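A.B. asks: Pasting a structure here, questions to come.
The values are calculated or read from the model by the stated rules, or taken from the named source; none is laboratory data. No experiment lies behind these values; they were computed from the predicted model shown. Every residue, glycine as well, gets a Cβ built from its backbone with ideal geometry; the counts of neighbours run over all protein chains shown.
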Amino acid sequence: MTDPLTEVLPSWAVRVEKKADRWHVELLAQDASDELPVLERALGEPGASWPGPYVFVVDTRLYFVALTHGPGGMVRALISDVTLQEWVLASEVVERYGIEVDEDATDDDDEDGFPAGDLDLFSDGGLPAAQLQPILTADLWADEMVAAVATRLGFADELAAAIRP
């Protein structure tokens with residue numbers, strides 16, 4: 001039996017929403033590495049479903065960004081590795097959402113990366129920051145991190161089906 005995530009697109013964006021106790025995952029783009037406004041619009045109107053909807057973007061398997069609505073319709077954001085500021089999407093996310101960047105961390109040669117932003121992004125879905133942190137700091141590719149989040153939240157099969165090439 002092959003792992004469904006071993007043959008996935010290297011970059012992709014999906015919208016994930018729970019409707020009537022079922023998760024729905026829609027592939028938004030096979031490469032959304034520089035389309036932050038489009039991704040924000042893909043969230044739709046705040047309060048349409050709970051938890052989520054979420055938008056996940058995996059950029060060249062190096063890092064991922066997750067977005068969802070917060071109080072008052074503001075967008076909450078998480079980036080799995082804030083040290084990758086040379087990538088357009090990473091830089092835009094950090095700037096737009098005011099994510100603090102530890103300058104010492106970005107200069108560090110440690111290859112583990114540094115997650116930043118709203119680490120409680122998935123708490124309403126049952127994955128609090130304390131349980132998300134080990135996923136984000138594990139030696140995993142970004143798509144593998146998202147797959148681990150999807151497994152914990154319950155939409156792993158739907159995600160795997162959506163991102164197969």
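A.B. asks: Mind counting the residues in the range 148-163 that are crowded, with 16+ Cβ neighbours inside 10 Å and under 21 Å from Pro10 (Cβ atoms)?
C.D. replies: Qualifying residue count for the region: 10.
A.B. asks: Filter the range 73-91 down to residues that are assigned to a helix (DSSP H, G or I) and surrounded by fewer than 18 Cβ atoms within 10 Å (Cβ to Cβ) and give me whichever is modelled with the lowest pLDDT.
C.D. replies: Checked the range 73-91; the qualifying residue modelled with the lowest pLDDT is Gly73.
A.B. asks: Looking at the range 113-132 only, could you name the residues that are at pLDDT 95 or above, out of contact with any helix residue (DSSP H, G or I) (no Cβ under 8 Å at 6 or more places or on another chain) and in a helix (DSSP H, G or I)?
C.D. replies: Ala130 - this is the single residue of the range 113-132 that is at pLDDT 95 or above, out of contact with any helix residue (DSSP H, G or I) (no Cβ under 8 Å at 6 or more places or on another chain) and in a helix (DSSP H, G or I).
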